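These notes are about the structure you will find just below.
The values are calculated or read from the model by the stated rules, or taken from the named source; none is laboratory data. Quick caveat: nothing in here was measured; it's all calculated off a predicted structure. Here the Cβ is made from the backbone with ideal geometry for all residues, glycine too, and neighbour counts use every protein chain on show. Each accessible area value is taken on the protein alone, full model and side chains, heavy atoms only, with ligands, DNA and RNA left out. Shrake-Rupley method; radii C 1.70, N 1.55, O 1.52, S 1.80 Å.
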Amino acid sequence: MTNLHPLSRALLIASLGLALLAPPLASQEAGSRLSGLLLTEGSGVAIEGAHVTLVDPGDVVLAESLSDEQGAFSLPMPPPGTYRVRVTRIGYQTWASDTVHVAATSQSRVLRLNVPVQAIPLPELSVVESNDCPTTPEERRLAFELYESVLPILATVSSTADLGALRMRMIRPTVVWRRGGRRYARDTTTVVVLRSLNNESPEYLERYGYADVIQDSMTTFYAPDGDAMASPGFLATHCLRPVVSDDETKVGLGFEPKPGREVVDVKGVLWIDAVDGGPRALEFQYTSLRPFLRRHLEPSLRADILSRHPYRTRFHGIEMDESEFGGVLRFERITGNRWLIREWRIQRPWLAHKYLWRVRVGSTVWPRAKPLTISGEVLALLRP
């Protein structure tokens, strides 16, 4: 392989190594379990790598798992009630089982589920010459192979509700007023949560983007977690491409917004281990930030300055470097078939300013977007 061009070498590693991306399920944990087999209706062929979720009558997801090469899956036994098992596979219609009744005396049980084959078209994944993404058909084909291989992991990486809670250390900025001005300090807290990263739903991110406004002037920024990247909406709004790395032990899946996206969005690279197929890290940057800041943050900055300097005050445009704003998510395997977001860091913008006053000229203000860091780290997985 030493004589191959770097791009060819990286893509060959991807094609050989990513076959390991869907490892078998770990042994069942002690206690009552709701297990089952997924078989193709009619042929009885095992369905491997499907995303299996247990939902209640209100469509709330209670537990998640992946099917192994025999089509087997295992979920924690829920409280007494009625439930359904939902099966999701890329390229096929989502299917839900008939009602599953769980009684107060229920022990571990095994379900045999015959899942019908109902393929659905995936236009964004078709390798055609007519495409609004600035990539070649071959690049799109290779990128989708990477995406399809890591999809089962992405679909379960954001939440550990079926495994236990997370003890996390969170570092957030807090406002400190000094000499009449606003400054930021760091506030470190330890929390217990089911999700390492608090995010909006994939549907919300697709429609409104990765930035939001709270109470007129307060803003919050989101990250492309596993739920977001595994959603159909992410494929519909982003272009994928393979990314070459000098490190032959990893391959990259690049993504960027499709042309015409006007909301705050994300671009970056998901780095995947070419040996065991697990995700290593996701690096991203925010895009289309300037219109958002001009619309939602600049008016309050102007109002504050004009309340103190109402006469002869001129404002320049916002100075900013978009490459300063974004973040990184780092992944870690916790069981044979599960990963989680072990730590994350987001650098979101806030508006500072430089003020200059001159006699006979008046005041001049230069708004400047600066990064504000928010981060989280998982300290322990608290199993039930």
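Observations on the structure shown:
- Of all residues in region 299-321 being touching a Pro at 6+ places or on another chain (Cβ under 9 Å) and surrounded by 13 or more Cβ atoms within 10 Å (Cβ to Cβ), the one that is modelled with the lowest pLDDT: 301
- Number of the condition not met by residue 107 [criteria: (1) open to solvent by 80 Å² or more (accessible area, probe 1.4 Å); (2) modelled with pLDDT of 85 or more; (3) farther than 30 Å from residue 241 by Cβ]: (2)
- Whenever a residue of region 71-93 is open to solvent by 40 Å² or more (accessible area, probe 1.4 Å) and hydroxyl-bearing (Ser, Thr, Tyr), its partners that are outside any strand (DSSP E or B) and modelled with pLDDT of 85 or more, lying with C-beta atoms within less than 8 angstrom and at least six residues away or across chains, give the pairs 82/56; 82/57; 82/99; 88/155.
- Tallying residues that are in a loop (DSSP other than H, G, I, E, B) and free of Cβ contacts under 8 Å to residues at least 60 places away in the same chain within region 293-315 yields 4.
- Annotation: of all residues in region 51-65 being within 21 Å of the chain's Cα centre (by Cα) and among the small types (Gly, Ala, Ser), the one that is surrounded by the fewest Cβ atoms within 10 Å (Cβ to Cβ) is 63.
- Count of region 322-381 residues which are of a type in the set (Val, Ile, Thr), farther than 25 Å from residue 168 by Cβ and in contact with a strand residue (DSSP E or B) (Cβ under 6 Å, 6 or more places away or on another chain): 2
- Single condition residue 68 does not satisfy, out of (1) surrounded by 18 or more Cβ atoms within 10 Å (Cβ to Cβ); (2) modelled with pLDDT under 85; (3) assigned to a strand (DSSP E or B): (3)
- Just one residue in the set 329, 381, 340 is open to solvent by 20 Å² or more (accessible area, probe 1.4 Å), assigned to a strand (DSSP E or B), within 30 Å of residue 52 (Cα to Cα) and touching a residue at least 60 places away in the same chain (Cβ under 8 Å); that residue is 381.
- Residues in region 94-104 that are in a loop (DSSP other than H, G, I, E, B) and exposed (fewer than 12 other Cβ atoms within 10 Å of the Cβ): 98, 99, 103, 104.
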